[in-house]
Ligand code: COA
Ligand code: AMP
């Protein structure tokens with residue numbers, strides 16, 4: 001069957017399509033049907049089934065006689081270590097950890113925050129939670145204490161599992177002080193923490209509150225898998241929205257298992273036993289879906305890579321890992337290839353390794369620019385498949401169905417919608433647009449299994465953010481078009497979300513931080529184009545009347561404030577003091593116009609602009625920051 005047939009097959013019988021896909025999952029009680037309509041545009045999948053994520057990701061492979069297969073390879077060029085864990089070992093480790101968590105009172109439905117770097121223990125912590133039916137929420141290590149505190153207050157975890165440190169090139173990230181700071185800042189206080197002590201830094205533990213990862217597992221009864229309902233939340237993952245308050249995306253157990261398992265063969269074209277590698281971080285959705293869950297559910301070997309595309313030790317790292325571990329499908333972000341290309345434009349490192357094991361490379365997380373795709377294709381000789389998805393969906397909305405049919409690649413397009421997604425381009429009033437015309441990208445409800453059913457403790461926000469603008473549709477927040485062959489093109493975000501090195505960040509959140517500076521009266525943060533990271537945040541601050549301290553001092557404080565409050569991952573380094581911000585007569589800041597000036601793009605002077613002369617002042621400030629030079 002080709003793609004068209006599979007897609008049409010889904011469209012004509014979605015229920016049958018997903019019930020068949022659900023056959024590949026082990027259920028303690030099979031679901032009576034796939035889709036459950038909750039009314040009011042809310043949907044759930046496989047709600048009355050009973051299953052367990054950890055069973056499907058670990059135990060069932062051991063039971064099927066594959067316990068000796070490597071489940072996780074930890075390849076860490078930062079520490080110079082390599083470590084392999086078989087499915088049998090993984091089961092024992094996870095069952096013990098789950099048993100220790102249970103002995104401390106963690107049960108089904110309890111939340112557990114995980115704050116860990118790229119070590120296998122991060123996956124084990126996730127799996128131990130799902131073994132118990134506890135709901136994990138992984139927080140990316142590059143976030144500051146304040147961001148962690150916000151998530152603690154929203155998720156109200158019973159426990160936090162963390163590592164003593166993370167390792168960035170040339171820098172140890174001291175997790176424990178960040179964790180202590182976050183618990184101090186948060187109103188909600190978890191009952192206890194579990195700290196995985198790394199040899200690079202041993203953290204001080206507080207007696208009776210911080211438990212050592214190994215010590216607290218001593219002598220415990222290993223825990224069996226707890227069957228949970230198909231609509232039981234497997235995890236909460238916070239992602240950036242338009243404000244500083246992150247959105248808690250919920251993933252339900254049943255749909256997550258079914259959709260991820262389906263994606264491994266049909267999209268990534270791997271079979272059980274193959275090695276699959278997603279070079280991302282467990283703190284992001286790619287890490288949840290494609291470092292941890294999908295490869296394990298599907299019985300693949302997954303790689304936990306603790307390194308960077310360049311500098312650990314060189315631009316050949318990717319090719320070394322692919323060759324050494326026999327990687328079949330490789331997934332990374334375009335920014336990583338831009339970094340490799342910058343260091344090795346001719347792809348000389350590729351020639352040093354045998355990468356014949358590799359079938360295809362998958363890119364996502366941000367727009368894949370044609371230059372990068374063409375370069376990667378040229379130096380590797382492999383197909384490069386762009387695919388488009390979001391934290392909210394948890395798996396591909398549009399991509400190349402390589403395991404069904406390798407369709408022609410159109411550079412600049414992430415290809416075609418996956419079964420489950422009826423993708424449409426709408427105008428402002430919600431009318432479908434003809435082929436080739438730009439509009440808001442929306443998905444007709446219901447969204448498929450594996451996608452978010454709602455936001456944690458925030459159903460109103462869920463409706464407002466995604467459902468209310470286009471009734472009957474999920475609003476993706478991206479703008480784009482579909483061509484006459486049904487290929488999708490993603491052009492830009494329609495909100496204040498920017499994408500920095502494949503990381504999703506909120507300019508609104510940064511504005512909230514800057515506005516809290518005592519000398520700042522007003523501010524705007526925009527995303528400007530960057531050759532390496534795709535976009536970079538840039539701040540403009542207007543000072544409170546009477547403040548006459550040196551501007552560079554204030555700029556430094558603003559940069560530090562964003563790093564301290566949001567984290568180094570925000571990469572907020574560009575900032576200028578200006579007298580005024582360009583606005584419409586009704587007082588709306590003209591951020592989009594500022595972006596166009598920064599990127600030296602043509603723009604129409606907004607008819608409603610209050611004082612066009614301010615744009616000249618902004619241009620001068622931009623030029624001082626190295627922008628608006630064209
Ligand atoms: N813990 C703590 N700090 C972290 C971190 C983590 N897990 N990840 C990144 N940071 C820090 C970095 O050390 C850097 O700090 P600095 O300002 O002190 O240098 C800052 O956050 C910005 O990091 P990043 O944007 O990653 O920039 P970089 O210059 O270190 O590296 C790339 C640039 C392109 C090599 C890197 O961004 C990369 O590998 N990108 C791939 C992204 C990816 O896989 N995204 C996942 C979505 S699919
Ligand atoms: P995240 O939730 O962090 O995965 O970010 C999702 C957003 O990243 C999407 O809404 C897009 O704006 C952007 N994005 C992800 N993948 C792609 C892609 N292949 N092409 C263009 N934009 C993408």
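Each value in this text was obtained by applying a stated rule to the coordinates, not by laboratory testing. All figures in this text were calculated on a predicted structure; none of them were measured in a lab. Don't worry about glycine lacking a Cβ; one is built from the backbone with ideal geometry, like all the others, and counts go over all protein chains shown.
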Seminar exercise, completed: Bounding extents of the range 262-318 in its principal axis frame from Cα atoms, largest first in Å, are 35, 22, 16
For this session: Note down the nm distance, to one decimal, between modelled labels 7 Å out along Cα→Cβ at residue 12 and at residue 491.
Result: 3.5
Seminar exercise, completed: To the nearest 0.05, the calculated FRET efficiency linking residue 580 and residue 209 through their beta-carbon distance, R0 being 51 Å, is 0.50
Problem set entry | As computed over the range 468-522, the Cα convex hull volume per residue (Å³) | 123
Seminar exercise, completed: the chain, Kirkwood Rh and Cα Rg, ratio Rg/Rh at 0.95
Seminar exercise, completed: Restricted to the chain, the DSSP antiparallel beta bridge percent, nearest 5, is 60
Exercise. How do 224-236, 44-56 rank on mean C-beta neighbours within 10 Å, highest first?
Worked result: 44-56, 224-236
For this session: State, as an integer percentage, the relative contact order of the chain based on alpha-carbon contacts under 8 Å between residues 6 or more apart.
Result: 12
Exercise. Can you give me the Cα centroid spacing of the range 531-545 and the range 98-119 in angstrom?
Worked result: 38
Seminar exercise, completed: With a ≥ b ≥ c from the Cα gyration tensor eigenvalues, square-rooted, and the rule rounded for a/c under 1.5, otherwise prolate when a/b > b/c and oblate otherwise, the range 143-213 is oblate
Seminar exercise, completed: Yeah, the range 249-288 with a ≥ b ≥ c from its alpha-carbon gyration tensor (a/c under 1.5 is rounded, else prolate when a/b outruns b/c, oblate otherwise) is oblate
For this session: Quote the FRET efficiency, to the nearest 0.05, computed for residue 348 versus residue 409 with a Förster distance R0 of 25 Å and r equal to the Cβ-Cβ distance.
Result: 0.50
Exercise. From the Cα gyration tensor of the range 238-379, with a ≥ b ≥ c the square roots of its eigenvalues, which class applies: rounded if a/c is under 1.5, or else prolate if a/b is larger than b/c, or else oblate?
Worked result: oblate
Seminar exercise, completed: Taking alpha-carbon centroids only, the range 56-79 lies from the range 476-520 a number of Å equal to 36
Seminar exercise, completed: Dividing the alpha-carbon radius of gyration of the range 1-109 by 2.2 N^0.38 Å, where N counts its residues, gives 1.46
Seminar exercise, completed: Quick P(r) readout (the range 332-421; Cα-Cα; 10 Å bins; whole %) gives 16, 48, 29, 7, 0
Problem set entry | Gain upon complete extension [residue 544, residue 38; 0.36 nm per residue less C-alpha separation] | 177.1 nm
For this session: Please report the base-10 log of the normalised intensity I(q)/I(0) for the range 415-507, using a Debye sum with one equal scatterer per alpha carbon and no solvent, at each q in 0.13, 0.17, 0.18 (1/Å).
Result: -0.46, -0.80, -0.89
Exercise. How long, wide and thick is the range 507-614, going by the Cα atoms along their three principal axes, in whole angstroms, largest first?
Worked result: 39, 38, 21
Exercise. For the residues 216, 305, 211, what sequence is obtained by ranking on other C-beta atoms within 10 Å, fewest first?
Worked result: 216, 211, 305
For this session: Within 10 Å, count the other beta carbons around each residue, average over each peptide in 370-377, 61-68, and list them highest first.
Result: 370-377, 61-68
Exercise. How long is the gain from residue 326 to residue 529 if the chain were fully straight, where each residue apart is worth 0.36 nm and the alpha carbon distance is subtracted?
Worked result: 69.5 nm
Exercise. Once you put a point 7 Å from the Cα of residue 551 and another 7 Å from the Cα of residue 433, both along the Cβ direction, what distance in nm separates them?
Worked result: 3.8
